[in-house]
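Colleague: Below are the structure tokens for one structure; questions will follow.
The values are calculated or read from the model by the stated rules, or taken from the named source; none is laboratory data. The structure displayed is predicted, hence computed values, not measured ones. Please note: Cβ atoms are built from the backbone with ideal geometry, for glycine as well, and neighbour counts cover all protein chains shown. Heads up: the accessible areas ignore ligands, DNA and RNA and are worked out on the full protein's heavy atoms, side chains in. Shrake-Rupley method; radii C 1.70, N 1.55, O 1.52, S 1.80 Å.
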Amino acid sequence: MGLVRRGRNGDGPAVPARQVNVSVGEGPAQALGPGGRIGGASEVEVMFVFDTTGSMTDKLPGLVSCTSGLVEELGRVSVAWRVTAVPFGDLEVQGDTIDDSLPWHDSVEPARRMFLGLRRNSGGGNCGESAFEAVDAALRKQGSRTALRVLVLITDEPAHQTRFGAREIVDRLVRDDVLVYTIATRDEYYRTMAERTGGEFIPISHSVDASAIAAMFRRLGVDIAARSRKVLTAGGSPQRLRALEAGR
């Protein structure tokens, strides 16, 4: 049974979390990754943790475009994939929820229907949403032990830190060996989530329009597929790839 719990920073271009300078040789690694994943993974599981409060409503079509583009790019590199979503709001606002009950999908149309039907939340009039609680819910979703897990967090609000602190969440993402992309406000912890996992941080704000968001999402699909391919050739471990790129 899925969990259902009850209870804004400047625009700018994409900011890479790190510069990739080292090419990775072909062939799967034999050792386990830092997160205990078996080497040679060829599956990618993408978890979209999406803020569905009022200010994000007009950005949902961009997410659908991203999903289609991501699926197409993963298909080009012969990677088995599946996607899910965890829509969230503000647990400090009555009626808002975090929903981890949505299923995994491995074909385009069911995924599109899932995203189009994401539950909307209010968010209230306060500053902040329950982003870290939603990340926790996503990490606890049952998935494949051998798959590369990619988490895409999308929000235009800071994160409440009532139950989970930023350091705790970042350390957990590193420990669990998750590749993280953050499309979020310029709060430093969102940038750090991407930096320490080998993903990318893209800053957004309330004022960014829907067409700009759609363009970000389309590019993100290509970037995730390319980065996932590099991770998979490094044995399926984002942390191992980061070490290789740093020459460690």
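Colleague: Going by what's in this entry, would Ile183 be described as in contact with a helix residue (DSSP H, G or I) (Cβ under 8 Å, 6 or more places away or on another chain), closer than 19 Å to Val86 by Cβ and part of a helix (DSSP H, G or I)?
Modeller: no
Colleague: Looking for whichever is under 16 Å from Val46 (Cα atoms), at pLDDT below 90 and aliphatic (A, V, I, L, M) here; the options are Ala111, Ala85, Ala137. Which one fits?
Modeller: Unique residue meeting the criteria: Ala111.
Colleague: Answer yes or no: is there a residue in segment 192-211 that is within 14 Å of the chain's Cα centre (by Cα), open to solvent by 10 Å² or more (accessible area, probe 1.4 Å) and polar (S, T, N, Q).
Modeller: So far as segment 192-211 goes, yes, one or more of its residues are within 14 Å of the chain's Cα centre (by Cα), open to solvent by 10 Å² or more (accessible area, probe 1.4 Å) and polar (S, T, N, Q).
Colleague: Can you say whether Gly125 is surrounded by fewer than 22 Cβ atoms within 10 Å (Cβ to Cβ) and over 21 Å from Leu74 (Cβ atoms), as far as the supplied structure shows? Explain how you work it out, then say what you get.
Modeller: Details: surrounded by fewer than 22 Cβ atoms within 10 Å (Cβ to Cβ): yes; over 21 Å from Leu74 (Cβ atoms): yes.
Considered against the rule, which asks whether it is surrounded by fewer than 22 Cβ atoms within 10 Å (Cβ to Cβ) and over 21 Å from Leu74 (Cβ atoms), Gly125 comes out as yes.
Colleague: Among the residues of segment 186-222, how many are in a loop (DSSP other than H, G, I, E, B) and modelled with pLDDT of 90 or more?
Modeller: 6
Colleague: Identify all residues within segment 216-248 that are more than 18 Å from Leu173 (Cα to Cα), open to solvent by 10 Å² or more (accessible area, probe 1.4 Å) and over 18 Å from the mean Cα position of the chain (by Cα); write none if there are none.
Modeller: Of everything in segment 216-248, those that are more than 18 Å from Leu173 (Cα to Cα), open to solvent by 10 Å² or more (accessible area, probe 1.4 Å) and over 18 Å from the mean Cα position of the chain (by Cα) turn out to be Thr233, Leu244, Glu245, Ala246, Gly247, Arg248.
Colleague: Show the residue pairs meeting these rules: Cβ distance below 7 Å; 6+ apart or different chains; first residue within segment 223-248 and over 15 Å from Glu73 (Cα atoms) and in a helix (DSSP H, G or I); second residue open to solvent by 40 Å² or more (accessible area, probe 1.4 Å) and not small (Gly, Ala, Ser).
Modeller: Sorted first by the residue in segment 223-248, then by its partner, the pairs are Thr233/Glu26; Gln239/Pro34; Arg240/Pro34; Leu241/Lys230; Leu244/Val22; Glu245/Val20; Glu245/Asn21; Glu245/Val22.
Colleague: Let me ask something else. Restricting to segment 153-191, name every residue that is of a type in the set (Asp, Glu) and either in contact with a Gly (Cβ under 6 Å, 6 or more places away or on another chain) or open to solvent by 40 Å² or more (accessible area, probe 1.4 Å) (or both).
Modeller: Glu157, Glu168, Asp171, Asp176, Asp177, Glu188
Colleague: Test Ala138 against the stated conditions and say whether it is open to solvent by less than 40 Å² (accessible area, probe 1.4 Å), aliphatic (A, V, I, L, M) and assigned to a helix (DSSP H, G or I).
Modeller: In short, yes.
Colleague: Also: Restricting the search to segment 77-133, which residues are of a type in the set (Gly, Ala, Ser), over 16 Å from the mean Cα position of the chain (by Cα) and outside any loop (DSSP other than H, G, I, E, B)?
Modeller: Ala80
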